[in-house]
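Notes follow the structure.
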Amino acid sequence: QRAAAALRDGALLQVLMEATDGQPPPSQSLLTMEHMLAQGDGALEGDLRVAYAGLFHGGQQDSAPPYESYYRDATGRLFGQSTTQMADLLRQHGLAPAAHVREPLDHVAIQLQLMAELVLRAAVDQQRQLLDHHLLVWIPAFARACERCDRSRFYAAAADLLRLLRAV
């Protein structure tokens, strides 16, 4: 609902344009998401939950695991070195996931939350480190996996927006 409101009132578009020095963001991705959210008929939330579960927690052949270690470890195993590195980074910045979070610490959402915190702190060097040593290393492969496997197209569009990280 918040995402739908942000798309409808243009707030998300404004943030993305600011992130790309006024250049238009990947418009097709935003249009795809906007269209789906605008057409939502109450069943959309349930449909997206099903798509989320299949895409991010399904079998490895037809899914896009949202974990850095999956893409960086040659075997595709979770809880690799990147998970340990993220635990160290979070600790260095006095952060920890909420007690209810049971995901490996190299989950895309946790990495993006750390980036948001570093932006708020104006910690430019640490932002660059997180980008260069983590996000930019695996996000392209993650976005390609989402594109290949997401039948709903919603999460593929969202993952495509992550390519804006390269513009930072």
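The values are calculated or read from the model by the stated rules, or taken from the named source; none is laboratory data. Since this is a predicted model, take the numbers as computed values, not measurements. Using ideal geometry, Cβ is built from the backbone for each residue, glycine included, and neighbour counts are taken over all protein chains shown. Remember, those area values only see protein heavy atoms, side chains included, never the ligands or the DNA or RNA. Shrake-Rupley method; radii C 1.70, N 1.55, O 1.52, S 1.80 Å.
Things to note:
- Using bins of 5 Å that start at zero, the share of Cα-Cα pairs per bin across region 36-83 amounts to 5, 21, 20, 16, 13, 10, 8, 6, 1, in whole %.
- Between residue 128 and residue 98, the modelled label-to-label distance comes to 3.4 nm, taking each label 7 Å out from Cα in the direction of the beta carbon.
- Region 71-168 - percent of accessible surface contributed by carbon and sulfur, probe 1.4 Å: 54 percent
- Fully extending the segment from residue 141 to residue 116 would add 6.8 nm, taking 0.36 nm per residue of separation and subtracting the current Cα-Cα distance.
- Charge context of residue 89, other residues only, Cβ under 12 angstrom, K/R +1, D/E -1: -3
- What the Kirkwood sum gives for region 36-168 is a hydrodynamic radius of 15.7 Å, with every pair of different alpha carbons counted.
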